[in-house]
Amino acid sequence: MKTCAGLGLFIGLIVARAATDSSPLPFTWIDPADPTVLAIRESGERVMDRVGHTMVYEVERAVMEQGLSHAIAISHLKDLVLPRPEAGQPRITAIRHTSLILRNPANQPDQAEQAALEIINSAIHGGLDVPAILVQRLGPPNGPSEWRVYRAITTKPICLQCHGPLEELLPAVRSILNSKYPEDKAISYTAYQWRGVLRVSFEKP
Ligand code: HEC
């Protein structure tokens, strides 16, 4: 998957409606190179670096120490504790992952996430550079805001033990996935394929 830093594929100003649990919120794309979002973007990148590594490490460790079946129960981000707020820094309010191809329907994207997923999907299908980072502001123009930073997640070979072709999954894994996730669509991946996005949300101080 190709990536490009910063502004590479800045999509301009798109205003749309974002569905949240309660009511839909308008969202706006922000140029990741915009200095007013520097602190949010940098903090988002740091958190996503950490969470991305933790996700892979957690899966590897669980597979090695307790076996795949246990790893299915712990995967992923389930026990994640949000970083403590730091004075003067944007406060992290959520860390989530989602995809166009879901295993757990609870990870369904809302409209703002869907828009981020579609930008990446179109770039991949159009043979364009995938934006390294996407930034959104959600909320009415003068109201309280949520800021979101997104990054694409790619599969590693270890991911295929649970997201690979059905016929290559271990029977025990297949059976747990079948019973826990009857609507599972997140199979048949190959290594280094686009899998979805990580999203970090912030509230500005
Ligand atoms: C041990 C099995 C296992 C492995 C290995 C695994 N996953 Fe998953 N994955 C799951 C399960 C189970 C879920 C559903 C989690 C939930 O209930 O939210 C899931 C969900 C996801 C989701 C959320 C969207 C959805 O489909 O619900 C993403 C993104 C994801 N996995 C990416 C990865 C990546 C990237 C890797 C490799 C680094 C990986 N997974 C390795 C079991 C696994």
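Observations on the model:
- Cα long-axis angle, helix 38-66 against the chain (0 to 90 degrees, to the nearest 10): 10 degrees
- Using a probe of 1.4 angstrom and keeping all protein chains present, the accessible surface of the range 89-131 works out to 44 square angstrom per residue.
- Most to least accessible of Arg61, Arg148 (protein chains only, probe 1.4 Å): Arg61, Arg148
- Computed over the chain: relative contact order in percent, which uses C-alpha pairs under 8 Å that are six or more apart: 30 percent
- Cα centroid separation, the range 43-62 to the range 189-205: 11 Å.
- Pairwise Cα inverse-distance average, inverted: Kirkwood Rh of the range 70-205 (Å): 16.6 Å
- Between the beta carbons of Lys180 and Ala39, assuming R0 = 30 Å, the FRET efficiency works out to 0.15 to the nearest 0.05.
- Think of each Lys and Arg Cβ as +1 and each Asp and Glu Cβ as -1; about the Cα centre, that makes the dipole of the range 114-205 roughly 240 debye.
- Most fluctuating residue given options Val81, Val59, Val37, as computed from a GNM of the chain linking Cα atoms under 10 Å: Val81
- Accessible carbon and sulfur surface of the range 144-205 relative to its total accessible area, %, 1.4 Å: 58 percent
- Angle in degrees between helix 171-180 and the longest Cα principal axis of the chain, rounded to the nearest 10: 50 degrees
- In order along the range 100-108, phi translates into HN-Hα couplings of 7, 10, 9, 8, 9, x, 5, 8, 3 Hz, rounded to whole numbers, per the Karplus curve 6.51 cos²θ - 1.76 cosθ + 1.60 with θ = phi - 60° and x for Gly and Pro.
- Within the range 163-205, backbone nitrogen closer than 19 Å to the virtual label 7 Å beyond the Cα of Ala94 toward Cβ: 196-205
- Mean accessible surface per residue for the range 142-205, computed with a 1.4 Å probe while every protein chain stays in place, in Å²: 53 Å²
- Largest GNM mean-square fluctuation among Val149, Val56, Val135, using the chain with Cα springs under 10 Å: Val56.
The values are calculated or read from the model by the stated rules, or taken from the named source; none is laboratory data. Keep in mind it's a predicted model, so treat the numbers as computed, not measured. So basically every Cβ, Gly included, is an ideal-geometry build from the backbone, and we count neighbours across all protein chains shown. Just the protein is used for accessible areas: all its heavy atoms, side chains included, with ligands, DNA and RNA removed. Shrake-Rupley method; radii C 1.70, N 1.55, O 1.52, S 1.80 Å.
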